[in-house]
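Data first, discussion second: the structure below is written as structure tokens.
The values are calculated or read from the model by the stated rules, or taken from the named source; none is laboratory data. Here the structure is a predicted model, which means the values were calculated and not measured. Counting neighbours? That spans all protein chains shown, and the Cβs are built from the backbone with ideal geometry, glycine included.
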Amino acid sequence: MPFFALLAVFAVSSATAATLPEVQSLLEKRAPAALAAAESLVKAEPANGEAWVALTRARVYAGQYEKAVNAGEKATALAPKNAQAFFWLGNALGNRIGQVGMIGKMSLAPDLRDAFEQAVQLDPALIEARNALIEFYLQAPSAMGGGVGKARTQAAAIARYDRVQGFTAQARIAMHEKNPAQAIGFLESAAAAKPNDERLRLQLIVLYQQAKRWAEAYAAIKFWIGQAPKSNKAQYQLGRLAAESGRYLDEGEAALRAYLRMPRGNEDPQPKNAHYRLGQILAKAGRKDEARDEFQAALKLDPKMKEAKEALAAL
């Protein structure tokens, strides 16, 4: 194709707004182009409430929380029967609250609560909104509509739609009430109902470690590795367990060295964390020079890493 003809194709493509399904697909993929596509869609269809929902979501993903609130308010005005409009307005408000002072938090909190409550009223099966309400009810004082009883009501409602997520919601409430044994029981029930769910496995293993139930954590990790020997998350957890407990040091060291060689995703622990945990293991094994090297490796990646600084100073 001639060069000028090719330019013409690009000009037409850039001038044509993406369709709603195209924008939604970009959002599902968390594609960087989603924000510009959503902005373009809203300009092309300013009265389309679903377009404003997409823009709210895109702005939340982009960290533009104040603008996301504005888009969410527009979305709910244009689509007052759309549960997703209220859900994403709630998400925008929840993130915006972290950017403002105490007076601002007190002003935004009722709007956040109302947005999620309206979302579940419009769509009772919207579990994400019910989980968001649980967080609100656990954190907000009673004067602002908070309360553990309300959180339990949401957990019971979630269980009617998804038994496993009902267990995890109950575990979250138990942890809020500082009852790790009860929380572990709920997560064990969830993991038993969905034994191949990596997220549930990880939550349960972390909770075992927090409760210092080392043998149960070790058994769960080894079972995971047996089923998925290439799971970087399982390898990291074995290393973390050794670093925290002082047990299984040789296995923990090997697991963390393997982890550092494995491919990792954005949500996996960063290499600095693996070096720090490896340093802890080596220090517990009396190999101080090697431990020092690992703590320094962590600090090379993040000179402000407080834990590594303190561990290095303690050698």
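Only residues that are within 24 Å of Ala314 (Cβ to Cβ), touching a residue at least 24 places away in the same chain (Cβ under 8 Å) and among the basic types (Lys, Arg) were counted across region 250-288, and they come to 4. Residues in region 202-219 that are surrounded by 22 or more Cβ atoms within 10 Å (Cβ to Cβ) and either assigned to a loop (DSSP other than H, G, I, E, B) or small (Gly, Ala, Ser) (or both): Ala217 only.
The residue pairs whose first member lies in region 171-187 and is at positive phi and in contact (Cβ under 8 Å) with a residue 60 or more places away in the chain, whose second member is of a type in the set (D, E, K, R) and part of a loop (DSSP other than H, G, I, E, B), and whose beta carbons are closer than 7 Å, counting only pairs six or more residues apart or on different chains, do not exist in this structure.
Yes or no: region 172-181 includes at least one residue that is more than 21 Å from the chain's Cα centre (by Cα) and part of a helix (DSSP H, G or I).
If we filter region 172-181 for residues that are more than 21 Å from the chain's Cα centre (by Cα), which is where we start, we get 177-179, 181.
Still in the running and part of a helix (DSSP H, G or I): 181.
Yes.
Give me the residue from region 90-109 that is within 17 Å of Thr56 (Cα to Cα) and among the hydrophobic types (A, V, I, L, M, F, W, C) and, out of that set, surrounded by the most Cβ atoms within 10 Å (Cβ to Cβ). It comes out as Ala92. Among residues of region 76-89 that are surrounded by 23 or more Cβ atoms within 10 Å (Cβ to Cβ), those with a Cβ under 7 angstrom from a residue that is part of a loop (DSSP other than H, G, I, E, B), sequence gap 6+ or separate chain, pair up as Ala85/Ala79; Phe87/Leu126. Output yes when any residue across region 223-235 is of a type in the set (Lys, Arg), at pLDDT 95 or above, part of a helix (DSSP H, G or I) and under 23 Å from Ala169 (Cβ atoms), and no when none is. Yes; the residues of region 223-235 include at least one that is of a type in the set (Lys, Arg), at pLDDT 95 or above, part of a helix (DSSP H, G or I) and under 23 Å from Ala169 (Cβ atoms). The sole residue among Ala132, Ala156, Ala191, Ala183 that is under 29 Å from Pro80 (Cβ atoms), among the small types (Gly, Ala, Ser) and surrounded by 19 or more Cβ atoms within 10 Å (Cβ to Cβ) is Ala132. When Ala192, Ala125, Ala119 are checked against the criterion of being in a helix (DSSP H, G or I), in contact with a helix residue (DSSP H, G or I) (Cβ under 7 Å, 6 or more places away or on another chain) and either more than 21 Å from Glu267 (Cβ to Cβ) or among the hydrophobic types (A, V, I, L, M, F, W, C) (or both), Ala119 stands alone in meeting it. Of all residues in region 248-289, those satisfying the criterion of being within 21 Å of Gln209 (Cα to Cα) and part of a loop (DSSP other than H, G, I, E, B) are Tyr248, Glu267, Asp268, Pro269, Gln270, Ala285.
If you scan region 293-312, which residues turn out to be among the basic types (Lys, Arg) and assigned to a helix (DSSP H, G or I)? Talk me through it step by step, then tell me what you get.
To start, the set of residues in region 293-312 that are among the basic types (Lys, Arg) comprises 300, 304, 306, 309.
Matches in region 293-312: Lys300, Lys306, Lys309.
Being hydrophobic (A, V, I, L, M, F, W, C) and modelled with pLDDT under 95 is a property that Phe87 lacks.
Note on region 263-289: residues that are exposed (fewer than 15 other Cβ atoms within 10 Å of the Cβ) and not basic (Lys, Arg) amount to 7. Taken over region 49-75, the criterion of being of a type in the set (A, V, I, L, M) and buried (at least 18 other Cβ atoms within 10 Å of the Cβ) is satisfied by Ala51, Val53, Ala54, Leu55, Ala58, Val60, Ala68, Val69, Ala71, Ala75. Looking at Leu112, Leu138, just one residue is more than 22 Å from Asn82 (Cβ to Cβ) and surrounded by 14 or more Cβ atoms within 10 Å (Cβ to Cβ), and that residue is Leu138.
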